[in-house]
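Report on the following structure.
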């Protein structure tokens, strides 16, 4: 049995007013049209819903039984319509999903989002924190549109990387560690330290972060692993080992239990912006340009050749 929602709505209004003239006025139709709708509804249901006399209109027993069900159906229908309109507005608005690995691009992350919203005030921007090695997979799956991440990375050819700047790497140690008070150290001073590291990554990426092998040919001692920077810092704070991170972590992850010591004699880390070369989201280009505008003009001179080559290979 197909009962039109407009007939249910007319029934509810007439049940409220118990007067065909007033109900028709509320519905913006004529009284004869309303009477015809109610009659058709009664025919579909096979019961009489209203008692009509020249002096009054009253609900029948069937009408009183139907009224709470009809009101609920009307209200649920209104909720569905409202929800559908909100979805259409969201889909029509420009949207961008920004992924962040570890400390991301530091203060540039916030600045790029803020400036993008100034350029496109109706844009809908979502933030998503990624694991160390989720960049390629999450971009490919459409979970994110752009990602701020530290280089090096193992990426597919369809992923474009745009180097932003380089930052010194630091040794992360527990607050009471014997190196905690130093202004800087050499990587060779960490020979006897146990290093906690990210789990599940490409071996060449992990070797780069741990500086394996060291300039003197020695190899770092590897200890527990974690799949996020928060997990790594917990391990360091618990005394399970030390870690190497980008300098922006000193601002993003300040904790009383931790100390960050600059390492003078190893290659700096590079922060890059990743996106798909074949993306159809116009907001990606807006965000790329915004991040580039906010990056210091001298950054290109400080980017390693491998990252620049990755950018040149992609349109």
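Computed on the stretch 169-262, with alpha-carbon pairs under 8 angstrom and 6+ residues apart, the relative contact order is 49 percent. Summary of packing: across the peptides 19-29, 282-292, the per-residue average of other C-beta atoms within 10 Å ranks them, highest first, as 282-292, 19-29. Over the Cα atoms of the stretch 109-212, what is the Rg over Rh ratio if Rh follows Kirkwood? Value, to two decimals: 1.05. Pull out a ≥ b ≥ c, the square roots of the eigenvalues of the alpha-carbon gyration tensor of the stretch 12-159, then state rounded if a/c is under 1.5, prolate if not and a/b is larger than b/c, and oblate in the remaining case. Note, shape of the stretch 12-159 comes out prolate. Shape call for the stretch 169-262 from the C-alpha gyration tensor, a ≥ b ≥ c root eigenvalues: rounded (a/c under 1.5), prolate (a/b greater than b/c) or oblate? Taking the square roots of the gyration eigenvalues as a ≥ b ≥ c, the stretch 169-262 is oblate. Computed extension gain for residue 186 through residue 252, at 0.36 nm per residue and net of the alpha carbon distance, reaches 21.4 nm.
Using mean Cβ contacts within 10 Å as the protection proxy, how do 174-185, 50-61 order, highest first?
The most tightly packed comes first, giving 174-185, 50-61.
Extending 7 Å from Cα along the Cβ direction at residue 128 and again at residue 74 yields two label points whose distance is 4.2 nm.
The stretch between residue 51 and residue 212 holds 49.0 nm of extra length on full extension. This uses 0.36 nm per residue minus the Cα-Cα distance. Computed on the chain, with alpha-carbon pairs under 8 angstrom and 6+ residues apart, the relative contact order is 22 percent.
Here the stretch 137-162 is scanned for amide nitrogen atoms under 11 Å from the site 7 Å beyond the Cα of residue 277 along Cα-to-Cβ, giving 156-161. Here the label points at residue 30 and residue 238, each 7 Å from Cα along the C-beta direction, are separated by 8.0 nm in the simple model. If each Cα of the chain is one equal point scatterer, what is log10 of I(q)/I(0) from the Debye formula at q = 0.15 Å⁻¹? At q = 0.15 Å⁻¹ the computed log10 ratios are -1.14.
Suppose R0 equals 45 Å. What FRET efficiency, 1/(1 + (r/R0)^6) with r the Cβ-Cβ distance, do residue 175 and residue 87 give to the nearest 0.05? It comes out at approximately 0.35. Taking the DSSP bridge list for the stretch 169-262 and keeping only pairs wholly inside it, about 65 percent are antiparallel. Counting only DSSP H runs of at least 4 residues, each contributing -39500 (n - 2.57), and dividing by the residue count of the chain, the helix-based mean residue ellipticity at 222 nm comes to -12500 deg cm²/dmol. At full extension, residue 285 and residue 119 could sit 58.5 nm farther apart than now, given 0.36 nm per residue minus the alpha carbon distance.
With respect to the chain, whose longest principal axis is taken over its alpha-carbon atoms, helix 5-17 is tilted by about 60°.
No lab work stands behind these numbers, since they all come straight from the coordinates. For clarity, every value in this text was computed on a predicted model and none was experimentally measured. So basically every Cβ, Gly included, is an ideal-geometry build from the backbone, and we count neighbours across all protein chains shown.
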